[in-house]
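Engineer: Just dropping this structure here.
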Amino acid sequence: MLKRFLNAQDKLVSEAIDGLLTSSQGAHLARLDAGAGINVVLQKHVPPDRVAVISGGGSGHEPAHAGFVGRGMLTAAVCGAVFASPGIDAILSAIIAVTGPAGCLLIVKNYTGDRLNFGIAAEQARALGYKIALIIVGDDIALGENARARGIAGTILIHKIAGYHAERGAALDEVTRHAEDASRKVRSLGLALTDCNVYDGNHQDRLGPHEAELGLGVHGEPGAEKIPLASLDQLMHQVVARLETAMTSGNLIVMVNTLGAVPPLEACAIAASFTKTALAKRTKWVIGPAPLMTSLDMVGFSLSLLPAEEAFVAALRAPVEPSFWPGMAPFSPVATLPAPELTESFTSPASRHAALEAHLRTGLDALINARQDLNALDAKLGDGDAGSTFADAAQIISDAFPKLPFACPDALCATLGRLLARHSGGSSGALLSIMLTTAGQAKNPVQGLKRGLEAMTRYGGAQRGDRTMLDALWPAITCLDQGGSLPEVAEAARKGADDTVKMKAGAGRAAYVPAAHLDNIVDPGAEAVARFLAAMAATG
């Protein structure tokens with residue numbers, strides 16, 4: 001079943017435009033009040049003495065085309081139905097609405113419907129006395145550099161260059177000349193892992209689970225060829241290899257365009273992959289990665305190349321009103337800054353305390369040996385790794401015994417806190433690190449542990465009675481504060497752990513588990529504390 005956010009497919013484009021115009025990114029925009037089927041987005045305040053720059057085409061490529069309307073780019077965009085050229089009346093209405101004595105440039109992607117409809121509208125506008133220029137962009141190299149080359153994401157670069165010259169007051173012939181120059185030189189190629197679903201409940205992806213497609217069109221039409229799915233770097237290499245043959249020399253501007261379903265995390269990985277290619281050595285400026293000309297829910301990207309000529313750089317660097325334009329920046333290696341020096345884990349001299357070492361060693365061994373038991377217990381409540389977390393932390397401390405300051409309790413707690421912070425995983429390790437680090441700031445070890453419990457509560461968000469390891473630690477440390485012996489402390493911890501079987505979970509993963517599943521199950525963290533202290537108490 002196809003699940004999409006829409007009311008009715010025939011209203012989607014109009015409603016999307018309304019949403020853009022009421023958004024924080026569309027405050028400078030308006031639409032023509034021209035009736036159903038005419039979806040024209042234009043600047044609210046059109047400069048009467050400037051060349052108008054108009055583009056458009058089928059919807060489904062957002063933010064193209066309406067998202068690039070604004071000072072410094074398009075004066076207006078004509079939006080057709082999804083993947084369908086806008087009608088002649090809509091294009092003509094846009095021309096008449098924004099064109100003054102300076103004239104109008106139409107930027108058209110090389111698709112039959114767009115060429116015909118924009119061409120007819122241009123001729124009708126000329127017949128009405130308007131000065132009209134029209135260029136057709138075919139930047140896609142997938143099918144060869146010929147008259148069949150499709151207009152894809154590189155068209156956005158032409159919008160920007162034409163808009164720049166129009167904004168600075170250039171005449172129509174100059175605006176057109178710069179746009180045509182860029183159009184002749186821009187080259188693009190895309191790659192996708194899926195095709196797109198044009199609101200078809202019975203859609204079947206033409207790509208198998210182990211296939212990708214090189215040289216796709218932005219309307220879901222098949223690409224130049226299917227290729228085996230591979231790592232990102234391998235796929236990027238194939239795209240770049242084709243582009244290298246089309247742009248054999250010179251420094252470059254590179255635009256990284258993502259299609260509709262690429263998450264930002266993967267978009268940045270795509271950009272990083274490009275840095276490993278041969279073309280990266282020739283790249284001086286980068287635009288993106290960003291969704292510029294998308295294709296509904298297609299998972300894919302395209303690269304567009306333009307020679308890094310001074311005139312192009314100036315035009316593309318200039319600020320613009322549309323916020324969907326991501327800007328252009330110098331292309332450079334990853335910047336790094338010196339990392340601050342962190343406190344060493346072992347800042348106090350090692351010292352010995354035979355009894356404490358023996359007690360602690362026995363307790364740590366108990367946690368290491370309880371790995372499977374505690375994992376099995378945790379699997380009933382969460383992700384089944386509590387035993388591993390405690391065992392790994394215990395092993396880290398055991399391995400550090402020769403370096404630990406056993407004769408100095410505050411230094412020992414502080415050192416253990418740093419060890420757990422750097423080497424122990426999971427929230428349990430972090431919470432114990434907080435407790436021990438705080439305890440290490442007090443000369444009285446018992447008072448330090450009490451402050452550590454308070455810090456653990458403050459940062460961890462759990463309270464006593466929330467079914468966590470606090471329910472074993474709290475009574476144990478309270479007993480210690482009251483002068484209890486180690487066996488009494490261990491007994492208090494055991495009782496606290498056992499009491500968790502009837503508690504309602506108020507924190508941790510168990511808080512997301514239905515109460516019925518928790519009944520008669522001891523909290524794994526509390527159980528770990530109880531076992532640790534019991535083993536210590538059993539040491540002679």
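Engineer: Considering the values (i) 27.9; (ii) 32.7; (iii) 25.4, which represents Kirkwood radius over Cα pairs in Å as calculated for the structure under consideration?
Structural biologist: (i)
Engineer: To the nearest 20 Debye, how big is the dipole of the chain about its Cα centre, given +1 on the beta carbon of each Lys and Arg and -1 on that of each Asp and Glu?
Structural biologist: For this selection, approximately 820 debye.
Engineer: Additional query: Report, ordered by chain and residue number, the lysines lying within cross-link reach of residue 403, taken as a straight Cα distance under 27 Å and ignoring same-chain residues fewer than 8 apart.
Structural biologist: Excluding near neighbours in sequence, the set is 443, 450.
Engineer: Counting other beta carbons within 10 Å of each residue's own, what order do 198, 320 fall into, fewest first?
Structural biologist: Listed from fewest to most nearby Cβ atoms, that is 198, 320.
Engineer: Work out the length of the dipole vector of segment 354-537 about its Cα centre, built from +1 on the beta-carbon of each Lys and Arg and -1 on the beta-carbon of each Asp and Glu, and round it to the nearest 20 debye.
Structural biologist: 400
Engineer: For segment 92-166, run through the trypsin sites (Lys or Arg not before Pro) and keep only the ones in DSSP coil with at most 15 other Cβ atoms within 10 Å of their Cβ.
Structural biologist: Values: sites: 109, 115, 126, 131, 148, 150, 160; in loops: 131, 148, 150.
Those satisfying the criteria are 148.
Engineer: Ok, one more. What does the helix-only formula give at 222 nm for the chain: each DSSP H stretch with n ≥ 4 adding -39500 (n - 2.57), the total divided by the residues, and the result rounded to the nearest 500 deg cm²/dmol?
Structural biologist: Helix-only estimate at 222 nm: -13000 deg cm²/dmol.
Engineer: Putting +1 on Lys and Arg Cβ atoms and -1 on Asp and Glu Cβ atoms, find which of 441, 404, 375 reaches farthest to the positive end of the dipole of segment 354-537.
Structural biologist: Most positive-ward Cα: 441.
Engineer: I'd like the trypsin sites (Lys or Arg not before Pro) in segment 408-468 restricted to DSSP loop residues with at most 10 other Cβ atoms within 10 Å, sorted by number. If you can, show how the numbers build up before the last one.
Structural biologist: On the way: sites: 418, 422, 443, 450, 451, 458, 464, 467; in loops: 443, 464, 467.
For trypsin sites (Lys or Arg not before Pro) across segment 408-468 that sit outside H, G, I, E and B with at most 10 neighbouring Cβ atoms in 10 Å, the list reads 443.
Engineer: Hey, another quick one. Net charge within 15 Å of residue 396 by Cβ-Cβ distance, Lys/Arg positive one each and Asp/Glu negative one each, not counting residue 396 itself? Please list the in-between numbers first.
Structural biologist: Values: positive: 361, 371, 403, 418, 422; negative: 365, 392, 399.
Result for the neighbourhood of residue 396: +2.
Engineer: Oh, and also: Work out the length of the dipole vector of segment 362-454 about its Cα centre, built from +1 on the beta-carbon of each Lys and Arg and -1 on the beta-carbon of each Asp and Glu, and round it to the nearest 20 debye. List each step's numbers first, then the result.
Structural biologist: On the way: 8 positive and 9 negative charges, 81 e Å.
Dipole about the Cα centre, nearest 20: 380 debye.
Engineer: Something else: Give me the orientation-averaged projected area of the Cα convex hull of segment 354-537, in nm², one decimal.
Structural biologist: 9.0
Engineer: Around residue 53, which amide H atoms from residues at least 5 apart in sequence, or from another chain, sit under 5 Å from its own amide H, with H modelled in the peptide plane?
Structural biologist: Amide H neighbours of residue 53, under 5 Å, 5+ apart: 75, 76, 105.
Engineer: Starting from segment 264-366, pick out the trypsin sites (Lys or Arg not before Pro) whose DSSP state is loop and whose Cβ has at most 15 other Cβ atoms within 10 Å.
Structural biologist: Passing both the DSSP loop test and the Cβ count: 276, 352.
Engineer: Could you check what % of the DSSP bridge pairs in the chain are antiparallel, to the nearest 5? All intermediate terms of the calculation are to be shown ahead of the outcome.
Structural biologist: Details: 28 of 51 bridges.
Approximately 55 percent, going by the DSSP bridge assignments.
Engineer: Further question on the same structure: From the residues 57, 103, 419, which one has its Cα farthest along the dipole of the chain in the positive direction, the dipole being from +1 and -1 charges on Cβ of Lys/Arg and Asp/Glu about the Cα centre?
Structural biologist: 103
Engineer: Taking just the C-alpha trace of segment 30-161, give me its Rg and Dmax in Å.
Structural biologist: 13.6, 41
Engineer: Of 11/160; 44/131; 160/185; 185/284, which pairs sit farther than 20 Å apart, going by alpha carbon to alpha carbon? Kindly include the intermediate steps, with their values, before the conclusion.
Structural biologist: Values: 11/160 29 Å; 44/131 22 Å; 160/185 15 Å; 185/284 16 Å.
Over 20 Å Cα-Cα: 11/160; 44/131.
Engineer: Can you list the aspartates and glutamates whose alpha carbon is less than 14 Å from that of residue 226, not counting same-chain residues fewer than 8 positions off?
Structural biologist: Straight-distance partners of residue 226: 195, 205, 211, 213.
Engineer: At most 16 other Cβ atoms within 10 Å plus a DSSP loop assignment makes a site exposed; report the longest stretch of the chain without any exposed chymotrypsin sites (Phe, Trp or Tyr not before Pro).
Structural biologist: My reading of the result: 347-540 is the longest stretch.
FYI, it's all coordinate maths here, none of it is from the lab. Being a predicted model, the structure only gives us computed values, none of them experimental. Using ideal geometry, Cβ is built from the backbone for each residue, glycine included, and neighbour counts are taken over all protein chains shown.
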